[in-house]
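Worksheet: one structure, shown below.
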Ligand SMILES: [Fe+2]
Ligand SMILES: [Fe+2]
């Protein structure tokens, strides 16, 4: 089954017709509504590969445009045929088999000390030139490009919120873990709480958790599991990925991004919550007040995914000024 891609012009009209009831994505034959797809540009960064960029760095910003120019809407986001669905499923199968409570605790211990590297934010963004999402059915460009597209979409719609522009630029920078040998299933894709029952809105819920030991453990497979009712998401351990890692890096380095922005970064892949409406029993009032910000962010994460390539060299100085304002200098990663 084919589904339509969002109108590329929506990239700069993100408030228009965002819930047009079009179905975009199919995971193993089960539809999810378009509102569940607001993060698809990120969601499709499921399996990544490291590529070697040639001597011309601009190659990173010249994806295969000619191919895409000939595409019609119906050709986009075909997740039912071809090899893509197998790759996507395989990645989620690995994720949902191995992301246990113990695994997540181990990853927190491993990464939260921010002892892997030291670099400025812009260098980290540009390092995503080496990270390409092999699961994307439409375009094959580095994640660094998606960063500028997202940021520019937000800047257009929210010109007064410079911190929001910066959040758009850096939201996926945690994927840098993939360059440091973290497997893709522990870097990208949807996130979900561990230590309690995996809810039905998690993609491939019925078919990918069969070998996850926590799913059969009565300590972890009840509605609340290890958590108290309405304990707040801050106390919930999420499956390990780029959201939580970047949040940890920004906190570790005492970056001054407003709390709304930190929430967007930390929970933008928590689809079962911000779009699926699950896990509300773990949320406190603060989570509920922040949820609209996360949802606002996700519109840009999806609808700015077009073949209109921003001029990164032209934009860099503006975004560097935001970095200097909110997360200056060399950060520990
Ligand atoms: Fe993301
Ligand atoms: Fe993204």
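The values are calculated or read from the model by the stated rules, or taken from the named source; none is laboratory data. Keep in mind it's a predicted model, so treat the numbers as computed, not measured. Quick reminder, even Gly has a Cβ in these numbers, built from the backbone with ideal geometry, and neighbours come from all protein chains shown.
Considering the stretch 116-139 alone, what residues qualify as being surrounded by fewer than 20 Cβ atoms within 10 Å (Cβ to Cβ), within 19 Å of residue 151 (Cβ to Cβ) and at pLDDT below 95?
Matches in the stretch 116-139: 126, 127, 129.
Conditions first: (1) under 22 Å from the mean Cα position of the chain (by Cα); (2) away from ligand 1 (no atom under 16 Å from the Cβ); (3) part of a helix (DSSP H, G or I). Residue 177 passes all but one, so which condition is the exception?
(2)
Exactly one of these conditions fails for residue 231: (1) under 22 Å from residue 201 (Cβ atoms); (2) part of a helix (DSSP H, G or I). Give me its number.
Status for residue 231: all satisfied but (2).
Based on this model, can you work out whether residue 250 counts as touching a helix residue (DSSP H, G or I) at 6+ places or on another chain (Cβ under 7 Å), assigned to a helix (DSSP H, G or I) and free of Cβ contacts under 8 Å to residues at least 60 places away in the same chain? Show your work before the answer.
Values: touching a helix residue (DSSP H, G or I) at 6+ places or on another chain (Cβ under 7 Å): yes; assigned to a helix (DSSP H, G or I): yes; free of Cβ contacts under 8 Å to residues at least 60 places away in the same chain: no.
No; evaluated as a whole, the condition is false for this residue.
Conditions: (1) within 16 Å of ligand 2 (Cβ to nearest atom); (2) on the phi > 0 side of the Ramachandran plot. Residue 230 meets all but one. Number of the miss?
(1)
Checking residue 305 against (1) closer than 12 Å to residue 150 by Cβ; (2) at pLDDT 95 or above, only one condition comes out false. Which one?
Among (1) closer than 12 Å to residue 150 by Cβ; (2) at pLDDT 95 or above, the lone unmet condition for residue 305 is (2).
What number of residues in the stretch 91-125 are touching a strand residue (DSSP E or B) at 6+ places or on another chain (Cβ under 9 Å) and assigned to a helix (DSSP H, G or I)?
Of the residues in the stretch 91-125, 4 are touching a strand residue (DSSP E or B) at 6+ places or on another chain (Cβ under 9 Å) and assigned to a helix (DSSP H, G or I).
Take the residues of the stretch 279-305 that are buried (at least 21 other Cβ atoms within 10 Å of the Cβ) and part of a loop (DSSP other than H, G, I, E, B): which is farthest from ligand 1 (Cβ to nearest atom)?
Among those residues, the one meeting the criterion is 279.
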